[in-house]
Structure formats: C-alpha cells, structure tokens
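Structure first, then comments.
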Amino acid sequence: MNTLVYIDHFKGEALPASWEAVGVAKTLGTVAGLAFGAGLEALTKSAFEYGVDEILVAEDAALTDYRAELYASTLKQAFSGRNWDVLLFPTTSRGRELAAMAAIDLNSGVLVDAVTLEANGDKLTITRPTYSGKVLAKVTSASKPQIITLRGRAFPKPVPHPGESGIVTKIAAGSGALTVVEGYSTAEGGVSLTDANVIVSGGRGLSENPSLQPPTGLDAKQAEVWRAQQGFIMLKEMADLLGGAVGASRAAVDAGYVPYAMQVGQTGKLVSPNIYFACGISGAIQHLAGMRSSKLIVAINKDPDAPIFKLARYGVVGDLFQIVPALTVALQQRLAK
Amino acid sequence: MKLVACVKSTPDTIATIKVENGKPTWGEAPLVINPWDEYAVESALQLKEANGGTVTAISVGGEEARIALKHALAMGADDALQISDPALAGVDPQGVARILAAVIQKLGGVDLAFFGRQSIDNDSGTTPAQAARLLGWPALTLASVIKVDGANLRVERAIEEGRQIVSAKLPAVISLVKDIGEPRYPSFMGIRRASKAEIPTWSFSQIGIPAPAPMIEYISNEDAPVREVVCELITGANPQEIAEHLADKILGEKLL
C-alpha cells in the first residue's frame, strides 16, 4: 500500500508522534511524508532518517504558520495526479483538524486517535478509545483513502538511520486561506505534557503545607494559592531533574493554583508518560481517565483510601511535602552515579 | 448577532461504562449535556450579553437530545432546535457534521456557530472542523479567548506549544476549550422556562438533505482492559528512608 504521512511540526520541529506515524506506515508498504511550511530542510532530512521513501514538500511564505483552511487545500494538492491508499496523521491538535478537513475534501471517512492498527489485505482496522478510555472501539473505513490519526506514544518511534535520503517532490501551496495568524504566546516553558516521558502532577493537596508562612497582606484565598504555588515549584524541581513536565488535577486548576493548560484528565489533556507521579491527587474518575495509560504510576497521598492507589504500582501514604523533596534528592544521587 | 451553540447529550463523567451486547451502556447514570458543550453555550451567551442578539441551541438525536437542549435553555439560550429522524440510526460523526452544517445554512444569517472541542462519549473531536469545512467558514478551534469587533473575530487557540492568536471574518465556527471560563449554572427561572419550552424538531426532509451515508464502520466495542496492579506501599523509618526505597523501586523499572 501507498501511505502518505502528514508530518506535523511547529516552526520546523516535528512533533514526535509524526515519526511514530512514519514507523506505522513503514509496516504497510511505501511511505511518503508530507510537510508544509518554510525552512523545512532539517525536517526533510529527519524524515528520510526516520524512514520515508519520498517527501512531498510545500514551502511557501504563506504556509509559515499553520492555518487550517490553507493547509487543508494544500493537502488536497498531494492527491492531484497521485493516488494514496492511506493517509496518516499524528493525533495532535493540527493533525486531528487537518484529518477531519481532509475527509470532507476527499469525500472519505476519518478514523480518529488509533491506539492499534491492523492490516487485513488492503483494509485497515483500528482500535480507538472512546468514553475517555473506558471503552475500546474497533473501527474501519467504509471509503477511500483510509484516513487515520494515530495517538501519540501508542506506537513505537522508529530508530533513525543517519545519512538516509530519498526523493523530494515539491508541491504548490493551496489557496483559500480564511485566517490570519497574528502571533503566539508560548506556554510556561518546558516539556509538553503530551510528549513527556515523565509527568509530576499535583492536586488540591499541594496547598496544605502547614510549615509555609505566606507573605503578609494576603487574604485566606490568596494565601492558599500562594502555598499551592510553592508546592508546584517543588514538583517542578523533580520534573526538571527527570526531564519531565508538571501536570495538575482539575481540582488544582479550578482552585486557581495553576493554568488550565496543565490539567490532566477527561476535560484536560490525555497523557501516557512512562512514569506518572500523582502527588496530593485523590484520583477522581475524571483524572484517572486522563492518565490511566501511563506505564508506571506512583502515588503520594496522605489518605490511604485515596482511589489513586488502586491504579498506582507504588504508593506512599505520607506527607508529600517531606517525601517529594527527599525523593528528588534520592533520585538525583542515583542518577548521578 | 445570530449565534448558535451545537450541543449533545452524553453520559455523566462519573458514569460507569460497560459494554453489553456490543454496545456501551451506563446503567442508571443520567445523561447530561456534554461538558465541553457547556463552554460552547457559555461562550455564546457571553457574546450575546456583550453584543446583543440571540442564541439557538441545536442538537442532533432522539429524545435524549432534549436533555442537552433543555440545559442550554436553562442556562439562557433563547431557543432550541432538535434534529430528529428515524434515518439518524446509521449516521456517523461526519454525518452529524454534515447535518449541522446544513441546519446552520438553512437557519440563514448565522454569525457564529459554537461547539465544544469534542464529545466525551465518542471523543472524535472532528465535528467543528468538518462543519466549518462544509460551510466554507473559518474553523477557529480550541479557542480559549474570543474577541468580536464588528465583523472581525480574534481568537486565542490552545495548541501544544502554547497559544496561537488568529483573526478571521464572520461568519465562523468556534470550538471551545475550558479556559474560556466556568459555565454558569442554570438559574431557577431558567430551569422553569426550559421545562415549559416547546422544542421544535426538524427531520431530514425539513432540512432538505438525505441521510448522510456512513463513512466509517463500527465493528465492535469492548471494555478497556482493567489495569491489574497491586499497589506496593513503600514504607520506612523516616521520609528519607521512604524516598530511598521508592527511588530504588522506580529506577528498577528501567523507565527513566
């Protein structure tokens, strides 16, 4: 089968799930990458190293920033005079949206957020989590091309082969832009939650450190938020040590401790790191829905009956304000060896 | 301004979902408005309060769709419209996008169509972008801040890397993420009004489209495997000792 893989990137840097999609495509037959933007030389080189046989590139100043309608119409150009059996996307914010639009433009269906993919002859069947991961649905396309988005970290990232090269095919930018990108405001620096290998998350319990004395002049609510923010700084120290990201429960976000962008759970981000530390998080079902596919879950909570312990491999019943700093030191000593 | 909010009824987030006879079921758990759609209604109401106009809630589905519509009315939507037809049985999410786009077209003069980012049952998250594509309108998805100035729209979108600030002309489709602000609770008066409201229904023939053919095929459903973990509680004489035991266990997993 001929597969076209959309390489999602931000300012020329590919999101890792794009290479995972290339890895999946390799198991199906020939693979072409598809990338839009400006300054894509490094990306093109990486695409060959990760295994594409060919890359279709639309380089144009108008494509510098992702714009849904313009990108969708450029994507359609890749189908003029060429035929692709399968069109793969990483399930990123851009990948999901473009896949949805491509399905309309190409008059086919779209299978979103696959966690497994199986080929039976030319027919692909995927499983995808529904009901926030409580159900696994098996779905297939009833139309062609088969358009599928693959969940990040659900498929292995291929090993790159430095020095590989292949065919570069230029395609023209599409038309029909409906938006203007005025700029970006970046998130609080650091590793993106959805790509993180390690996540250290905090809950409502982060505000309960009795040994902290808030600055004078804060009212009770401000003092609570201040206390919690000191707690999140403590989590960030451990996350930084492990090259990870800091997350939060809905309770912590709703209480105003940290921004919504950090929320893990059913109405936040779905994450699946190698290690998930739940600190002061009781484990409401909505939170569990967002992190249950983590490989290893470690829970630190003062309440021995907290539901989070049912999902955790290792647990500590105790004061997180003592355990987390001690754990950071203990991990640091061992990793330094 | 003429505003619409597209809503759906879903099982409550705390419902226990079990697959029975190949279909997800949720026992006695109530259906509620899809939590993301509450943000869509909230956002439409805020815009109406700032600029004047009307908010119409639309839902595609049988009797259950009225739960989401009544909630939207109770929050303050001016009216509601249910799309109901026996031929809905085989319709997939892309079909729903097609129906909503046709309804928005048929209503005429709509300035903005609001959607939640995804429904918490099917979790596709494709309907807003597809409806926009079908309408030929800009899709401003994952919006966290919205500003309307005359016919101009400026939106901050929550993306992996932070926020992308995008502007466009009305009419447009917007999908909402959570940081738009907490949705209001229905007021007592709102609930009373919603309970008395007559909700009109449209069928495919009234919209003027045939039932969209399914583009994907559902083969089966199964319960997600239960994680078989036994939690090993790490203990020690003091926090340092606990931390050292825990660090050894974690590193022993070879995941770092």
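I'd like to know if the range B:17-37 contains one or more residues that are of a type in the set (A, V, I, L, M), over 23 Å from B:Ala194 (Cβ atoms) and in a strand (DSSP E or B). Within the range B:17-37, one or more residues are of a type in the set (A, V, I, L, M), over 23 Å from B:Ala194 (Cβ atoms) and in a strand (DSSP E or B). Considering (1) at pLDDT 95 or above; (2) more than 14 Å from chain B (Cβ to nearest Cβ); (3) within 12 Å of A:Cys279 (Cβ to Cβ), the lone condition that A:Glu208 does not fulfil carries the number (1). All of (1) more than 10 Å from chain B (Cβ to nearest Cβ); (2) closer than 23 Å to A:Val135 by Cβ hold for A:Gln286 with one exception: (1). A:Ala261 meets all of the listed conditions (1) assigned to a loop (DSSP other than H, G, I, E, B); (2) within 16 Å of the chain's Cα centre (by Cα) but one, namely (1).
For the range A:126-150, the tally of residues that are in contact with a strand residue (DSSP E or B) (Cβ under 8 Å, 6 or more places away or on another chain), buried (at least 19 other Cβ atoms within 10 Å of the Cβ) and more than 23 Å from A:Ala78 (Cβ to Cβ) stands at 10.
Looking across the range B:200-256, not a single residue is within 22 Å of A:Thr328 (Cβ to Cβ), surrounded by 14 or more Cβ atoms within 10 Å (Cβ to Cβ), more than 7 Å from chain A (Cβ to nearest Cβ) and β-branched (Val, Ile, Thr). Filtering the range A:138-197 to residues that are of a type in the set (Ser, Thr, Tyr), in a loop (DSSP other than H, G, I, E, B) and facing chain B (nearest Cβ under 9 Å) leaves A:Ser143, A:Ser192.
Condition check: over 18 Å from A:Leu15 (Cβ atoms), in contact with a Leu (Cβ under 6 Å, 6 or more places away or on another chain) and not acidic (Asp, Glu). Does A:Ala172 satisfy that? No: the conditions fail for A:Ala172.
Could you please let me know if A:Ile281 is hydrophobic (A, V, I, L, M, F, W, C), within 30 Å of B:Ala143 (Cβ to Cβ) and at the interface with another protein chain (Cβ under 7 Å from one of its Cβ atoms)? Working first, answer last.
On the way: hydrophobic (A, V, I, L, M, F, W, C): yes; within 30 Å of B:Ala143 (Cβ to Cβ): yes; at the interface with another protein chain (Cβ under 7 Å from one of its Cβ atoms): no.
Spelling it out, it is not the case that A:Ile281 is hydrophobic (A, V, I, L, M, F, W, C), within 30 Å of B:Ala143 (Cβ to Cβ) and at the interface with another protein chain (Cβ under 7 Å from one of its Cβ atoms).
Within the range A:295-304, the set of residues being surrounded by fewer than 22 Cβ atoms within 10 Å (Cβ to Cβ), closer than 24 Å to A:Ser272 by Cα and modelled with pLDDT of 95 or more comprises just one member, A:Leu296. Here A:Gly29 meets the list (1) within 14 Å of chain B (Cβ to nearest Cβ); (2) more than 27 Å from B:Arg154 (Cα to Cα); (3) small (Gly, Ala, Ser) almost entirely, failing just condition (1). Residues that are more than 7 Å from chain A (Cβ to nearest Cβ) and touching a Phe, Trp or Tyr at 6+ places or on another chain (Cβ under 9 Å) within the range B:157-175 comprise B:Leu170, B:Pro171, B:Ala172, B:Val173, B:Ile174, B:Ser175, listed in sequence order. Could you please find all residues in the range A:101-126 being under 18 Å from the mean Cα position of the chain (by Cα) and facing chain B (nearest Cβ under 9 Å)? Matches in the range A:101-126: A:Leu111, A:Val112, A:Asp113.
Exactly one residue out of B:Val103, B:Val155 is free of Cβ contacts under 8 Å to residues at least 60 places away in the same chain and either of a type in the set (A, V, I, L, M, F, W, C) or assigned to a helix (DSSP H, G or I) (or both): that is B:Val155. Across the range B:219-248, the qualifying residues are those that are free of Cβ contacts under 8 Å to residues at least 12 places away in the same chain and part of a strand (DSSP E or B), and the one among them that is nearest to the chain's Cα centre (by Cα) is B:Ile219.
Against the definition (in contact with a strand residue (DSSP E or B) (Cβ under 6 Å, 6 or more places away or on another chain), touching a residue at least 24 places away in the same chain (Cβ under 8 Å) and either part of a helix (DSSP H, G or I) or within 22 Å of A:Pro129 (Cβ to Cβ) (or both)), how does B:Ala57 come out, yes or no? Taking the combined requirement at face value, the residue does not satisfy it.
Could you check B:Ile14 against (1) aliphatic (A, V, I, L, M); (2) part of a loop (DSSP other than H, G, I, E, B); (3) in contact with a Phe, Trp or Tyr (Cβ under 9 Å, 6 or more places away or on another chain) and say which number it fails? So the condition that B:Ile14 fails would be (3). Inspection of the range A:44-62 identifies at least one residue that is touching a residue at least 40 places away in the same chain (Cβ under 8 Å), of a type in the set (A, V, I, L, M), surrounded by fewer than 21 Cβ atoms within 10 Å (Cβ to Cβ) and assigned to a helix (DSSP H, G or I).
The values are calculated or read from the model by the stated rules, or taken from the named source; none is laboratory data. Worth saying up front: this structure is predicted, and the values here are computed from it rather than measured. Every residue, glycine among them, receives a Cβ derived from its backbone with ideal geometry; neighbour counts consider all protein chains shown.
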